[in-house]
Structure formats: structure tokens, C-alpha cells
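Just so it is clear, none of the values below were taken in a lab; they were calculated from the coordinates. For clarity, every value in this text was computed on a predicted model and none was experimentally measured. Don't worry about glycine lacking a Cβ; one is built from the backbone with ideal geometry, like all the others, and counts go over all protein chains shown.
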Amino acid sequence: MTNHTHKAALLILLSVTLVGCADISLTAPVGNESASTANSATSSPISPTPIPTKAAAPTPTATPKATPHTTTVPSATPGASPAIQTPTATPKVAVSTEPSKTKPLPTDRTPYSWYYMKKKTGQVPDFPHETKSFSSDQKAVWVGTGKKVYLTIDAGGPLIEVDLMLKSLKENNVKANFFITGNNIKKNPDYLKRIVADGHYVANHTMTHTDFNELTDDQIRKEIKDFEVVYKQITGKEVGNYFRFPYGHYNPHNLSLVSDMGYTSVFWSTAMRDWEPRANGAEDPYNDIMNNLHDGNVILMHQGSIENMQALDRICKEIKKRGYEFGLVTELQPKK
Ligand SMILES: [Zn+2]
């Protein structure tokens, strides 16, 4: 706990723009990034956005969503000792094994919650200190360069205004990047088929959208593989190798584990508290995005926000008007 409080204090200091990848359905508790890690911090900082304090109060949202989301503390993971792939007994076998597999995963499970520090419009935000220690075996991206914008749509929650969304994207000739959960596509295969048919990119956002910091290695592998299987069942194709941690919760060990499975983790450089109702309707997502537009901007928006969907057409138009092109996350390469 002290660790968390410490972290929270740090976050306050940084006056960050913390926004997690929450899915609306999970509203309150989880919603904000570290349901626990940082929420104490949430109440304070947030330079730009008037963030309505913590989403704590379990809003009586009726949202059904079966997600077993109890999210307590992304504590030091239950007993899961570093289940490392022990380098086989015979050293020579290495040839037949993938090199990455022979390398033990880092044991560091310090829980992190993605955030960024917003600057003036047009300037690329600052990113968490921990990113500096990401190794090449921890493939991750969060911002690009140049006049490019990467629109990432998180569809781990309710799927609403799908027609409007697809129409807005199509009419503006924008290709987006969808991070969808397996449960969602299993229940709504047509949703996935339409997205794929429109040429958007689909990435792995796990099967059940559970906080990875609370799972064992085997559970994590299953979350990712289950998604791969469902995706293939529906589309007949393999899913691309980009991934996003539910709620942006990760730790060095998990980052390596996911990377070891061939995935590049995608974080973001703009996000919004869009799992809560927006005070000014569609104006809010529009302003949140425009006020933080910058080169290589990786924008995270949730599909489950009606205001996002209503603002999408205008957002696409304005971003283009400002000279940016929309890109796919596959263009973003992790540092070597
Ligand atoms: Zn999500």
C-alpha cells in the first residue's frame, strides 16, 4: 500500500493527465486508471482537463457487463512467482527454440498505470519516467512523429452508435485502430466483420478486459490467446500483433511477457475521461482532442461514449484540416 501512496504522491507532483483505458461498462471503480494505484492522485492534479475527481463513487450505472472486475490493488500479484521459462537443461537445444523464449522474463512486477503529462497544444506530452527503462524486449509504443495521428478506439465496453461511427470514419476516409475484447466480438461478430470490411486495423485487447497486474502468467497468455482464437474464428485471419493492456495497467514483467508473445503494446498520448458522461456533450471530446493535438498523436477514445461517437465526424475533419494524416499503429515501431 505504501507503494501506492507513494506513487500517488508522485503522480500528484507531476500533475499529470492520467487517463486510463477504461471501458465504460466498467464505469466507476475501474474506470480511472489505477483503480487503486493512482486514484488518490486523480482528485488533485490534471492540469488541463477538469477531471471530475475520482470515479470512485460506484455510480449506480446499470451497466450489466459481466466483467469480473473487482479491481482492487494491482498488488504484487498473488503468489505468482516469476514463472520463468527455465532455460532447458541442454544448452545446445537453443537452436530449435526461439531465442526470446530462452531469455527469462524480468521479475520486476512493479505495477504501473499509463499516463502522460500534457503540454501546450501542439507540443508532444511528456511520458512516464519508467518508459526510459523499457528494453528492446519490451516492445511498446505511445507516440509517433510528424504530421500523423493514430486514432485508437477501445471497444472493450458497450458497442454503441456503431453506424454513426463507421459512417463518420468512412466519410472522412479515416482508418482507425480498434482495440476490441474477445468477449465483445464473440457476442457481436458482425461488429468485427464490419470493422474489418471497412479496412480498419484490429488489435488484441484481451478476451475479458481484466487487469493484467492481477493475473498470473498463464492467465495472461490465455487472455491473449483466447482473443486470437475468436478473432480467427470470425474473420478467418490471424489478428495483427499489436496489443493494449486493459486500463493501461502493466508491469515490466508483463510487458516482456506480452512482447515475448510477439506483441507490441500500444499506449497513448491523448485520452479522456470518456467513460463518464461528458458535461458539455460532444464538445468535450472534441476539445479534449484538439487541445492536445500533436505530432504522432496516439488518441485513445472509447467506443462506449456516445459523445465520442457524436463528435467523431467533426474531430476527423478538424484533424485533417490542421494538416494531419491518420495512420495505423503498425507504422509505430518500438525502439530497438
Ligand atoms: Zn480497454
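When Lys and Arg each count +1 and Asp and Glu each count -1, what net charge do the other residues less than 13 Å away from VAL202, Cβ to Cβ, add up to?
Neighbour charge sum, excluding VAL202 itself: +2.
Take the Cα of THR145, step 7 Å along the line toward its Cβ, and report every residue of the stretch 106-126 whose backbone nitrogen sits under 16 Å from that point.
Answer for the stretch 106-126: 124-125.
What ³J(HN,Hα) values, in whole Hz, does the Karplus curve 6.51 cos²θ - 1.76 cosθ + 1.60 give for the stretch 243-250 when θ = phi - 60°, with x put for Gly and Pro?
So the Karplus estimates, Gly and Pro as x, are 8, 9, 6, x, 6, x, 8, 8 Hz.
Along the stretch 273-281, what does the Karplus equation 6.51 cos²θ - 1.76 cosθ + 1.60 (θ = phi - 60°) give for ³J(HN,Hα), rounded to whole Hz, x for Gly and Pro?
Ordered by residue, 3J(HN,Hα) equals 7, 8, 8, 10, x, 8, 4, 10, x Hz.
I'd like the Karplus ³J(HN,Hα) series for the stretch 319-332: coefficients 6.51, -1.76, 1.60, θ = phi - 60°, whole numbers in Hz, and an x wherever there's a Gly or Pro.
Each residue's phi maps through the Karplus curve to give 4, 5, 4, 7, x, 9, 10, 8, x, 9, 4, 5, 7, 8 Hz.
Please compare each pair in LYS147/LYS175; LYS132/LYS321; LYS187/LYS320; LYS103/LYS237; LYS222/LYS335; LYS148/LYS222 to a cut-off of 24 Å on the Cα-Cα distance and tell me which ones are over it.
Listed pairs above 24 Å: LYS132/LYS321; LYS187/LYS320; LYS103/LYS237; LYS222/LYS335; LYS148/LYS222.
Count the net charge of all other residues whose Cβ sits under 15 Å from the Cβ of LEU332, scoring Lys and Arg as +1 and Asp and Glu as -1.
That works out to +4.
Taking LYS193 as the anchor, which aspartates and glutamates have their alpha carbon closer than 20 Å to its alpha carbon, excluding any fewer than eight residues away along the same chain?
Once the sequence-local aspartates and glutamates are set aside, what remains near LYS193 is ASP154, GLU161, ASP163, GLU171, ASP226, GLU228, GLU238.
Would you mind checking the stretch 144-169 for residues with the amide N under 14 Å from a putative spin-label position 7 Å along Cα→C-beta of GLU325?
Only 145-150 pass the distance filter.
Using the 10 angstrom Cβ neighbour count as an exposure proxy, how do LEU192, LEU300 rank, fewest first?
In increasing order of surrounding Cβ atoms, one gets LEU192, LEU300.
Taking neighbour counts of Cβ atoms within 10 Å as a proxy for exposure, in what order, fewest first, do ASP218, ASP211 appear?
Going from least to most buried by this count: ASP218, ASP211.
Full extension from LYS120 to MET290: what is 0.36 nm times the residue separation minus their Cα-Cα distance, to one decimal in nm?
Full-extension gain reported as 60.1 nm.
List the residues, sorted by chain then number, that are 5 or more residues from TYR150 or on another chain and whose placed amide H is less than 5 Å from its amide H.
Answer set, sorted by chain and number: ASN297, VAL298, ILE299, GLY327.
What does the C-alpha gyration tensor say about the overall shape of the stretch 119-278? Classify as rounded when a/c is under 1.5, otherwise prolate if a/b is larger than b/c, or oblate.
Verdict is oblate for the stretch 119-278.
Can you list residues whose amide H is under 5 Å from HIS302's amide H, if they're 5+ apart or on another chain and H is modeled 1.01 Å from N?
It is ASP154, by chain and number.
Can you list residues from other chains, or at least 5 along the same chain, whose modelled amide H is less than 5 Å from the amide H of ILE180?
Long-range HN contacts for ILE180: ALA155, ALA203, HIS205.
Please compute the length gained on full extension between GLU171 and THR110, using 0.36 nm multiplied by the number of residues separating them and subtracting their Cα-Cα distance.
17.6 nm
Mind sorting SER113, SER168 by how few other Cβ atoms lie within 10 Å of their own Cβ, fewest first?
Ascending Cβ contact count within 10 Å gives the list SER168, SER113.
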